[in-house]
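Asks: Shown below is the structure under consideration.
The values are calculated or read from the model by the stated rules, or taken from the named source; none is laboratory data. No experiment lies behind these values; they were computed from the predicted model shown. Positions of Cβ are backbone-derived with ideal geometry, glycine not excepted, and every protein chain shown enters the neighbour counts. Accessible surface areas use protein heavy atoms only, side chains included; no ligands, DNA or RNA. Shrake-Rupley method; radii C 1.70, N 1.55, O 1.52, S 1.80 Å.
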Amino acid sequence: SKGTYEFYMLKEIDEQPAVMRRLSQTYFGADGDVRVEQSIVDAVAESDRIYILAAGTSYHAGLVGKNIIEKYADIPVEVGLASEFGYHFPKLSKKPFFIFLSQSGETADSRVVLKQVNERNLPSLTMTNVEGSTLSREATYTMLLEAGPEIAVASTKAYTAQIAVQAILAKAVGEKKGLQDAKDFDLKNQLALVAEGMQELVDGKEKIDELAKKYLANTRNAFYIGRGVDYAVALEGALKLKEVSYIETEGFAAAELKHGTIALIEDGTPVIALINDPATADLTRGNIQEVESRGANVMTFVGKDFARKDDDVILPQVDYYMSPLLTAVPAQLLAYYASKNKGLDVDKPRNLAKSVTVE
Ligand code: F6R
């Protein structure tokens, strides 16, 4: 039930620290060791390329997962939109492994791909929130997201759970392969820091409501920009904002804006800039200046280690690869308040259904 909440979306955003703790309990032993079914770890470790297939928000979680898996499991990852992949299979590697990301486990576009994967007798894993769902039953293996029922149409806690579960798999596979990066990756501690950081962010939600009121109340469009994993979160932030508030929003690689789309920046256009990558933080600051000088109202969500006093949201510092788990929270809250402040039905945006069972 919604309890005292007006909408499920906010309840589900608020539940994310608890989901992170539950995942930590599920996938780590009392000794602190990561615990993933041995057959899954072996099958993934053997593969020469991972193909992640999904749709919408789950696809965006896959884009983050690619960065984490390549870093800690050292296996190349290709992320595909299931709807495209299903009818235009790329040339596969010799030992492919398929991961399906799906909150519902029922998405028709993903089922089309899995059907073909099974016809070719190739190994697959579904990461899903719904035990016994179709994609779970039809795949070789399943890992559960442990997020609890997600009722709001806009996905929030399943997105962050998908990122965390991909990190858990990456660590398990990297350790199995004897990789130093994976052994050094203190994921259990990172998940604890993430849970704390998420709590801090949801406790500070009024600040995000103010930002939504100040910058998004009357706008027709908006942009999210970021580099590296922040680019992946920019795509998700944009989807969240547009689907619940109907503000036309695009996510961009920060530097790409100036190759055309900057033409759309006008006086007052909101631009949300995400900065968590130390390697490119200064470059993104430069991109912020480019849009500000053309009149944009910029909001910044920045990791604590390189934040400036006047940044709008300062994110508790975690591992760069885990930072999407925190950046997502203010992005989700911004979408929530932009929608609620317009008097919209946050949980049931027009034209959308919770699970998309048609192609
Ligand atoms: C957006 C959203 C959708 C779903 C997509 C895939 O907030 O929820 O984009 O992510 O329809 O759904 P699942 O994950 O159930 O396969």
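Asks: Among DSSP beta bridges whose residues both lie in the chain, state the antiparallel percentage, nearest 5.
Replies: Details: 1 of 38 bridges.
Given both bridge residues lie in the chain, the antiparallel proportion sits at roughly 5 percent.
Asks: Further question on the same structure: Per DSSP H run of n ≥ 4, the term is -39500 (n - 2.57); total these for the chain, divide by its residue number, and report the mean residue ellipticity at 222 nm rounded to 500 deg cm²/dmol. Display every interim value, and only then the final one.
Replies: Details: 14 runs with 167 residues, N = 359.
Estimated from H runs of four or more residues: -14500 deg cm²/dmol.
Asks: Here's something else I'd like to know. With the other protein chains left in place, how much accessible area per residue, in square angstrom, belongs to segment 186-270 at a 1.4 angstrom probe? Before the final figure, lay out each step's value.
Replies: Numbers: 3660 Å² over 85 residues.
Per residue, segment 186-270 has 43 Å² of solvent-accessible surface.
Asks: Where does each of 59-65, 130-136 land if you order them by average Cβ count within 10 Å, highest first? Mind dumping the intermediate values first?
Replies: Numbers: 59-65: 27.7, 130-136: 18.6.
By packing density, highest mean first, the sequence is 59-65, 130-136.
Asks: How far apart, in nm, are two points set 7 Å out from the Cα along the Cα-to-Cβ line at Asn351 and at Asp48?
Replies: 4.3 nm
Asks: Tally up the carbon and sulfur contribution to the accessible surface of the chain as a whole percent, 1.4 Å probe, everything protein left in place. Working shown, then result.
Replies: Working: 6790 of 14740 Å².
Whole-percent figure for carbon plus sulfur exposure: 46.
Asks: Within 10 Å of each candidate Cβ there may be at most 14 other Cβ atoms; applying that plus a DSSP loop requirement, which GluC sites (Glu not before Pro) in segment 1-110 survive? Numbers along the way, then the final one.
Replies: On the way: sites: Glu6, Glu12, Glu15, Glu37, Glu46, Glu70, Glu78, Glu84, Glu106; in loops: Glu6, Glu15, Glu37, Glu106.
Answer in residue order: Glu6, Glu37.
Asks: Need one number for segment 218-295: average projected area of the convex hull over its C-alpha atoms, nm². Can you show the working numbers first?
Replies: Details: hull surface 18.5 nm².
Mean shadow area of the hull around the Cα atoms is 4.6 nm².
Asks: Still on this structure, please answer the following. In percent, how large is the relative contact order of segment 96-193, given Cα pairs closer than 8 Å and 6 or more residues apart?
Replies: 21 percent
Asks: Now for a different question. Over the chain, what relative contact order in percent results from Cα pairs under 8 Å that are six or more residues apart?
Replies: Numbers: 708 pairs, mean separation 71.3, N = 359.
The value is 20 percent.
Asks: Test of the criteria: in segment 79-160, which trypsin sites (Lys or Arg not before Pro) are in a DSSP loop and have at most 12 other Cβ atoms within 10 angstrom of their Cβ? Could you put the intermediate results ahead of the total?
Replies: Numbers: sites: Lys91, Lys94, Arg111, Lys115, Arg120, Arg137, Lys157; in loops: Lys91, Lys94, Arg120.
Here the trypsin sites (Lys or Arg not before Pro) that fit, given the DSSP loop and packing criteria, are Lys91, Lys94, Arg120.
Asks: From the P(r) of the chain, can you give the percent of Cα pairs sitting at distances over 25 Å?
Replies: Details: 32729 of 64261 pairs.
Of the Cα pairs, 51 percent sit more than 25 Å apart.
Asks: Arg294 accessible area, nearest 10 Å², 1.4 Å probe?
Replies: The accessible area of Arg294 comes to roughly 120 Å².
Asks: Out of residues 5 or more away from Val298 or on other chains, whose amide H comes under 5 Å of its own, with H placed 1.01 Å from N in the peptide plane?
Replies: Val271
Asks: Rounded to the nearest 20 debye, what is the charge dipole size of segment 191-302 about its Cα centre when +1 sits on each Lys and Arg Cβ and -1 on each Asp and Glu Cβ? Kindly include the intermediate steps, with their values, before the conclusion.
Replies: Details: 11 positive and 18 negative charges, 46 e Å.
Using Cβ point charges on Lys, Arg, Asp and Glu, segment 191-302 gives about 220 debye.
Asks: Please arrange Lys309, Lys177 by accessible surface area, largest first, computed with a 1.4 Å probe and ligands excluded. Intermediate values should be presented prior to the final figure.
Replies: On the way: Lys309 205, Lys177 80 Å².
The ordering from most to least exposed comes out as Lys309, Lys177.
Asks: Calculate the FRET efficiency for Glu200 and Glu6 from the Cβ-Cβ distance with a Förster distance of 25 Å, rounded to the nearest 0.05.
Replies: On the way: r = 23 Å, r/R0 = 0.90.
Given R0 = 25 Å and the Cβ-Cβ separation, E is 0.65.
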